[in-house]
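To start, the structure itself, in structure tokens.
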Amino acid sequence: MEETALPTIKSLEVKQEQPKQVWYLPTEVGRITQYPHYGHAAYDITSPRGTNELIFPVANGTITDIYRDPAGALVVTIFHYIDGKGYTSQYAHLSSFSPNIYIGKHVTVNDYLGRMGSTGYSTGVHLHLALVDCALYNPDDPNCRDLNSFFRYANLRVNQGYYGLGYHIFMPASWNSR
């Protein structure tokens, strides 16, 4: 019996590149103690490490402000430009700032911003993390020209179903790695 050569079939498998992760959790260890809602458009996150918990950017970006707010909270804000859209993340109640940060510095998700704290009006050591789809301090962004408009817009977006970081990635109730 004569062998017959079978036709060669090209693989139907198509290699697909996995998208790079853009958004990250802001702490190595964390537990959400308050979710965004109208009047508090941010996640409150605590950690058993307390003030030893380092705070990291939720995405690569540029530091736009480092300050102590009128209530005494230490705050860092970062502008992120991702897929043609601008976002501002805000990290409040820090116990201290990283010595290596400054306004205008490009930061990656691996650069620490400071340590979790309880500065300002706070009920305990935690991170207050807001993420809003606008460019804080940009006069061309009518939603976020200043802090007051940022807070108003953040609350509007929560009412519309935009829950900050939880809109972009799954936010577990607690975690032990980023």
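The values are calculated or read from the model by the stated rules, or taken from the named source; none is laboratory data. Quantities reported herein were computed from a predicted structural model and do not represent experimental measurements. Cβ: placed from backbone, ideal geometry, glycine included. Neighbour counts: every protein chain shown. We work out accessible area using only protein heavy atoms, side chains counted, and drop any ligands, DNA or RNA first. Shrake-Rupley method; radii C 1.70, N 1.55, O 1.52, S 1.80 Å.
Ligands, DNA and RNA are left out, and with a 1.4 angstrom probe the accessible area of the chain is 58 Å² per residue.
What the pair-distance distribution of the chain shows, using all Cα-Cα distances binned every 5 Å from zero, is 1, 8, 16, 20, 20, 13, 5, 2, 2, 2, 2, 2, 2, 2, 1, 1, 0, 0, 0 percent. Dipole of the chain computed with +1 at Lys/Arg Cβ and -1 at Asp/Glu Cβ about the Cα centre; of GLY120, THR27, PRO172, farthest Cα towards the positive end is GLY120. Contact order for the range 97-150, expressed relative to its length and based on alpha carbon pairs under 8 Å spaced 6+ residues apart, stands at 19 percent.
Overall, the accessible surface of the chain at a probe of 1.4 angstrom is composed of carbon and sulfur to the extent of 51 percent. Any chance you could give the angle, 0 to 90 degrees and rounded to 10, that helix 147-159 forms with the longest Cα principal axis of the chain? Once rounded, one gets 50 degrees. Taken about its Cα centre, the chain carries a charge dipole of about 500 debye when Lys and Arg each add +1 at the Cβ and Asp and Glu each add -1 at the Cβ.
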